[in-house]
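Q: Once you've had a glance at the structure underneath, I'll fire off some questions.
The values are calculated or read from the model by the stated rules, or taken from the named source; none is laboratory data. A quick note: this is a predicted structure, and the numbers were derived from the prediction, not measured. Every residue, glycine as well, gets a Cβ built from its backbone with ideal geometry; the counts of neighbours run over all protein chains shown.
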Amino acid sequence: MVLELWPSSSLEDIQTVIRGVYKYVLGNPHVMESERLTEAESQLSDGSISVREFVRAVAKSDFYRSRYFESCAPYRFVELNFLHLLGRAPQDQKEVSEHIVRCVAEGYDAEIDSYIDSDEYANAFGENVVPYDRGKATENNPKQMGYNRIFALDRGPSQVSSSVKSSQLVYAVAAGAGTKIKASSTTVGTGSGTEKRFKISTSGAKFDSPRRVSSNEYIVSASKMTPQIQRIQRTGAKIVSITEIV
């Protein structure tokens with residue numbers, strides 16, 4: 001059911017919208033009273049902000065940040081942002097790479113804003129519709145594989161997003177796989193020759209600071225993408241680009 005806030009909405013309707021945002025954007029958690037955004041809820045109730053701005057406040061909350069940015073692998077954080085804020089899975093490696101680079105280069109708030117301020121968000125939800133799962137509708141997936149991937153991220157009403165810390169799509173997205181969410185041992189073994197490889201370009205690692213020019217390139221397989229990104233982040237380097245090696 002699509003939830004939308006109208007000028008004529010009752011207080012009960014507003015509370016339903018608030019619960020809907022918490023449930024979908026936060027990934028179906030249990031939200032304690034102390035964790036609720038009472039100021040933002042009040043602003044939504046009196047018409048000071050739209051549902052879109054309430055979604056932004058929830059996505060930038062300590063609740064969201066601690067569970068998905070600080071506790072999850074970078075790839076998992078990005079794929080859940082697509083699910084929670086755009087209602088779909090990422091379509092390809094280019095989409096994921098752009099968001100990882102933005103998050104590292106511009107920070108957490110810029111990453112969240114990039115979804116909520118996008119034309120896609122505006123066209124899908126406007127100012128007052130609560131984000132919902134659009135990924136199972138084929139018209140919202142210009143690539144058929146996007147339709148298949150949503151099932152790896154959204155496993156039904158009992159799922160809690162924060163219970164899974166590792167990426168569910170890192171291989172499928174990087175390798176361009178249509179339906180295979182986890183690669184089998186026969187396709188990702190070292191030297192198999194079937195797994196795609198990617199070049200991660202970085203700049204500015206902490207241990208490189210005395211150098212006049214500080215840049216590095218890492219060649220990794222699709223299945224090793226997330227661990228390598230985590231190692232790079234620990235050095236303080238910035239990820240400049242992630243490109244497939246053809």
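Q: Mind counting the residues in the stretch 2-41 that are surrounded by 14 or more Cβ atoms within 10 Å (Cβ to Cβ), within 19 Å of LYS60 (Cβ to Cβ) and either among the β-branched types (Val, Ile, Thr) or not assigned by TED's automatic domain parsing to the domain that holds SER71 (or both)?
A: Residues flagged as surrounded by 14 or more Cβ atoms within 10 Å (Cβ to Cβ), within 19 Å of LYS60 (Cβ to Cβ) and either among the β-branched types (Val, Ile, Thr) or not assigned by TED's automatic domain parsing to the domain that holds SER71 (or both) within the stretch 2-41 amount to 5.
Q: Within the stretch 80-130, how many residues turn out to be surrounded by fewer than 18 Cβ atoms within 10 Å (Cβ to Cβ) and within 15 Å of ARG65 (Cα to Cα)?
A: 5
Q: Within the stretch 97-107, work out how many residues are out of contact with any helix residue (DSSP H, G or I) (no Cβ under 6 Å at 6 or more places or on another chain) and assigned to a helix (DSSP H, G or I).
A: Summing the residues that are out of contact with any helix residue (DSSP H, G or I) (no Cβ under 6 Å at 6 or more places or on another chain) and assigned to a helix (DSSP H, G or I) in the stretch 97-107 gives 6.
Okay, residues lined up against (1) part of a helix (DSSP H, G or I); (2) more than 10 Å from the chain's Cα centre (by Cα); (3) basic (Lys, Arg); (4) not assigned by TED's automatic domain parsing to the domain that holds ALA57:
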| site | (1), (2), (3), (4) |
| --- | --- |
| SER71 | no, yes, no, no |
| PHE82 | yes, no, no, no |
| ALA89 | no, no, no, no |
| GLU95 | yes, yes, no, no |
| ASP109 | yes, yes, no, no |
| SER114 | yes, yes, no, no |
| TYR132 | no, yes, no, no |
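Q: Still on this structure, please answer the following. List pairs: first in the stretch 86-113 and closer than 19 Å to SER201 by Cα and of a type in the set (D, E, K, R), second modelled with pLDDT of 90 or more and exposed (fewer than 15 other Cβ atoms within 10 Å of the Cβ), Cβ under 8 Å, 6+ apart or cross-chain?
A: ARG102/ALA110
A quick yes/no check of all residues on (1) in contact with a Gly (Cβ under 6 Å, 6 or more places away or on another chain); (2) without any contact (Cβ under 8 Å) to a residue 24 or more places away in the chain; (3) at negative phi; (4) outside any helix (DSSP H, G or I):
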| site | (1), (2), (3), (4) |
| --- | --- |
| GLU39 | no, yes, yes, no |
| SER48 | no, yes, yes, yes |
| PHE54 | no, no, yes, no |
| ALA57 | no, yes, yes, no |
| PHE63 | no, no, yes, no |
| PHE77 | no, no, yes, no |
